[in-house]
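Values in this text are rule-based calculations from the coordinates and carry no lab data. As the structure is a computational prediction, the values presented were derived from the model and not from experiment. Cβ atoms come from the backbone with ideal geometry, glycine included; neighbour counts cover every protein chain shown.
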Amino acid sequence: MAAALDSSPLPPGVRRIRLVRPVQRFIRTEAAGGILLLVGAIIALIWVNSPFSHEYHELFEYHLGFDVGFYSVDEPLHFWINDAAMVIFFFLVGMEIKREMVVGELASARRMVVPAAAALGGMVVPVAIFFALVSGSDARDGWAIPMATDIAFAVGVLVLVGSRIPTGLKVLLLAMAIVDDLGAIAVIAIFYTDTIDLNALGIVAGLLGLVYALNRAGMWYVPIYFIIGGFAWMAMLQSGVHTTIVGVLLGLMTPWRSWHRPEDFPAIAESVLNRLRPHTDETGAELAREERIEALLEVAEVGRNAVSPLDRLEHALQQPVAFVIVPIFALANAGVELSPNILGDVFSSSLTWGVTLGLVLGKPIGVTLGVWIAVRAGARLPLGVDWGQVIGMSFLGGIGFTVSLFVTELSFESEALLTDAKVGILLASTIAGVVGYLLLRAVTRPARS
């Protein structure tokens, strides 16, 4: 992107609009997506525990691939969901992190203190509880499972509480969850990489450098970036680093400024709109029609250039990710057999209890403690938020579904360990969601009509 685009700060009014409107849209989308996510998980559980469980496993083990001569991939459908489709999910996460860092709650040190402290406490304490409870080196490989917060489910519970919830608490939860995601991404990149292929990583670095150069040059033709991203994904797949990291990096590199400020749109478009004048004679009418089409296309281009690539892509991808990719991910990964024999083994597993208590106890304790330390150090709670609401929100942080399941798949190959961890995630997410909902309803008064 051209350097001139970053030459002047956004006016305060525009900064507020660019923060509030995306957050409102995000909350609506995530709340609805959380319902579909829950539906996907329930379908998976019912399917796996039905007489048709064989078809479930057969579907997600069905192999798909492609061969372009110099590169070929042949993997089961489960791989394409977790390692390809979820790259788009993490690309969206990367853009959300970028937005919060430039115009949101993480844009200044003063504003990011409370959510960062909440997220840090919500990562450290669950891991400490996990290590205190879990025995066995193989099971301990899943230590990062209780670190994550599922934004869709957590926001969905907040929406269920309704108008009782102050906007400041919603923004605090979103900012905390985004910092939480940033921590989970760092953990995946650093600790869930077995072997590194430096040549493949060099190709990834070169392609990301090309993306940066095209951004600086002002090239905003999105298909070009998807092609480059596809090649970066193929190289990352060979590098040993998980492919979702390339999605996050591309999200962080997406330009967040537009060619011209949105408030300048009327003045810029006015000269074009003046050409939309009717003519009386037949020849003039035909000419006017061509001019009108050209002018309208020009206005559309001016409007498009008033929206940054980050805003445009985030708006385009939020619904496909929330309503398609994440529910399919839940369907593919939440299928856990719950027969009496298996449940007996699961509830005697230290891994199950490490995950469950890490989320149900570790998250609330860590988040509340982190916020308390930040406030004691001089930070302030968001406007309208009290400590009862902070505690209720901290339980929602224990809903660790999507990213927790994702980390589980990275952590274990043993079917028994996968089952133990997934049952812990499902149990903890249910308890945390219910307790958080009840607490928030109890401590927050209904809004006046």
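Fewest-first ordering of GLU75, GLU409 by other beta carbons within 10 Å of each residue's beta carbon gives GLU75, GLU409. Near the amide H of PHE401, under 5 Å away, which other amide H atoms are found, from residues 5 or more places off or on another chain, if H is placed in the peptide plane? Excluding prolines and chain starts, which carry no amide H, the hits are ASP150.
Ordering PHE226, PHE412, PHE231 from the fewest to the most neighbouring beta carbons within 10 Å gives PHE226, PHE231, PHE412. Roughly how many Å is it from the Cα centre of the range 195-255 to that of the range 72-89, as a whole number? Between the Cα centre of the range 195-255 and that of the range 72-89, the gap is 17 Å.
Taking θ as phi - 60° and the Karplus parameters 6.51, -1.76 and 1.60, the scalar couplings of the range 325-341 work out to 5, 5, x, 5, 4, 4, 4, 7, 10, 8, x, 10, 6, 10, 6, x, 5 Hz in sequence order, x denoting glycine and proline.
Taken one residue at a time, the phi angles of the range 417-432 give Karplus couplings (6.51, -1.76, 1.60, θ = phi - 60°) of 5, 4, 5, 4, 5, 5, 4, x, 5, 5, 5, 5, 5, 5, 4, 4 Hz. Gly and Pro are set to x.
Just rank THR254, THR167, fewest to most, by other beta-carbon atoms within 10 angstrom.
Numbers: THR254 23, THR167 15.
Ranked by crowding around the Cβ, least crowded first: THR167, THR254.
Of the listed peptides 47-57, 387-397, 125-135, what is their order by residue-averaged count of other C-beta atoms within 10 Å, with the highest listed first? List each step's numbers first, then the result.
On the way: 47-57: 13.2, 387-397: 23.4, 125-135: 19.9.
Most protected by this proxy first, the peptides run 387-397, 125-135, 47-57.
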